[in-house]
Amino acid sequence: MTVGECSNLPRHVAIIMDGNGRWARRRHLPRQAGHVAGVNAVREVVRAACDIGLANLTLFAFSSENWKRPAMEVGALMGLFRLYFRNDMKEIVERGARVRIIGNRTRVDPDILQMIEEAERSTLGNTGINLTFAFDYGGQEEIAAAARELARAAAEGRLDPEAITPELVSSRLFTHGLPEPDLVIRTSGERRLSNFLLWQSAYAELLFVDTLWPDFGRKEFTEALEQFSHRERRFGALPEAVA
Ligand code: IPE
Ligand code: IPE
Ligand code: MG
């Protein structure tokens, strides 16, 4: 079955792109080489997602904890982010994608912030895939920021605490306006979320694959969607056959 025939396409796929370092180590290359190869995988998966007609794709590019890595590696990752935006934005715009970046914007270099804002501005009216990069992103920070904002509104008398619902909290997250992910994929064999979309993934299907991110391409992405199509989602209710 091709994905074109896939009746059960997720609305939103989110990917924890992990394993660049191990990919490089296996080749006796510096970790940075793994990140370079990882960018090629990003390109291929974004193209595949557009071709398939996926509505929402979110990619975890840099976590709020990744600042703990050596300055040289952080610098290389920032450099690659710059390069990616410079080289790929034209194609992304041509494909009609709407770009968003979710994360803490106060710690990134000013020129990166400018690129982020420019990419968001120039694709604001696009109606193709919602392409979201989680960059300097941490789920706990995101939820704490939403709580802080709601607490401030309540303290100032603008919000009745009784009016705080899951929907209201969702509307204060970076991802407001996007549907919750149906499928979260993590590459490289690690089985954890590492602070990614904690609130939003409440009912996501989780798929852990052993492939290292630089080896993850169109074929692997299509296989992941195929696997998703066989999952039975219940959302706490009973399957139709039983109910
Ligand atoms: C994922 O690959 C890229 C980022 C976290 C930025 P890693 O760099 O985490 O690769 P491993 O996990 O060390 O193999
Ligand atoms: C998660 O991967 C972050 C990204 C993929 C950007 P990490 O490699 O940073 O996660 P841990 O440290 O193994 O949990
Ligand atoms: Mg890793």
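The values are calculated or read from the model by the stated rules, or taken from the named source; none is laboratory data. What you see is a predicted model; the values in this text were computed from it and never measured. No Cβ is skipped: glycine too gets one built from the backbone with ideal geometry, and neighbour counts run over all protein chains shown. The protein model used for the area step is the full one, side chains on, heavy atoms only, and it has no ligands, DNA or RNA in it. Shrake-Rupley method; radii C 1.70, N 1.55, O 1.52, S 1.80 Å.
Summary of computed values
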{"read-out": "Subset of the stretch 189-219 [within 16 Å of ligand 1 (Cβ to nearest atom) and without any contact (Cβ under 8 Å) to a residue 12 or more places away in the chain]", "value": "R192"}
{"read-out": "Members of the stretch 202-214 that are within 15 Å of ligand 2 (Cβ to nearest atom) and open to solvent by 20 Å² or more (accessible area, probe 1.4 Å)", "value": "L206, F208, V209, D210, T211, P214"}
{"read-out": "Scan of the stretch 76-99 for residues that are under 20 Å from C50 (Cα atoms), among the charged types (D, E, K, R) and open to solvent by 40 Å² or more (accessible area, probe 1.4 Å), ordered by number", "value": "R86, K90, E91, E94, R95, R98"}
{"read-out": "Enumeration of residues in the stretch 63-83 that are part of a loop (DSSP other than H, G, I, E, B) and touching a residue at least 12 places away in the same chain (Cβ under 8 Å)", "value": "S64, E65"}
{"read-out": "Qualifying positions in the stretch 40-60 - crowded, with 19+ Cβ neighbours inside 10 Å and more than 19 Å from D182 (Cα to Cα)", "value": "A41, V42"}
{"read-out": "Filter pass, L198 being surrounded by fewer than 16 Cβ atoms within 10 Å (Cβ to Cβ) and not in a helix (DSSP H, G or I)", "value": "yes"}
{"read-out": "Residue tally, condition near ligand 1 (Cβ under 8 Å from one of its atoms) and either in contact with a helix residue (DSSP H, G or I) (Cβ under 7 Å, 6 or more places away or on another chain) or in contact (Cβ under 8 Å) with a residue 12 or more places away in the chain (or both), over the stretch 25-62", "value": "7"}
{"read-out": "In the stretch 11-40, the residues that are away from ligand 2 (no atom under 14 Å from the Cβ) and within 14 Å of the chain's Cα centre (by Cα)", "value": "R11, H12, V13"}
{"read-out": "Per-region count, the stretch 154-193, residues assigned to a strand (DSSP E or B) and of a type in the set (K, R)", "value": "1"}
{"read-out": "Contacts under 8 angstrom Cβ, first residue in the stretch 148-160 being among the small types (G, A, S), partner in a helix (DSSP H, G or I), 6 or more apart", "value": "A154/P161"}
{"read-out": "Output for the stretch 100-120, where each listed residue is open to solvent by 20 Å² or more (accessible area, probe 1.4 Å) and over 23 Å from H12 (Cβ atoms)", "value": "T106, R107, D109, P110, D111, L113, Q114, M115, E117, E118"}
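Yes/no per residue for (1) of a type in the set (A, V, I, L, M); (2) more than 16 Å from ligand 1 (Cβ to nearest atom); (3) buried (at least 17 other Cβ atoms within 10 Å of the Cβ); (4) modelled with pLDDT of 95 or more:
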position	(1), (2), (3), (4)
F133	no, no, yes, yes
Q140	no, yes, no, yes
R158	no, yes, no, yes
A163	yes, yes, no, yes
V169	yes, yes, no, yes
G177	no, yes, no, yes
E180	no, yes, yes, yes
L183	yes, yes, yes, yes
T187	no, no, yes, yes
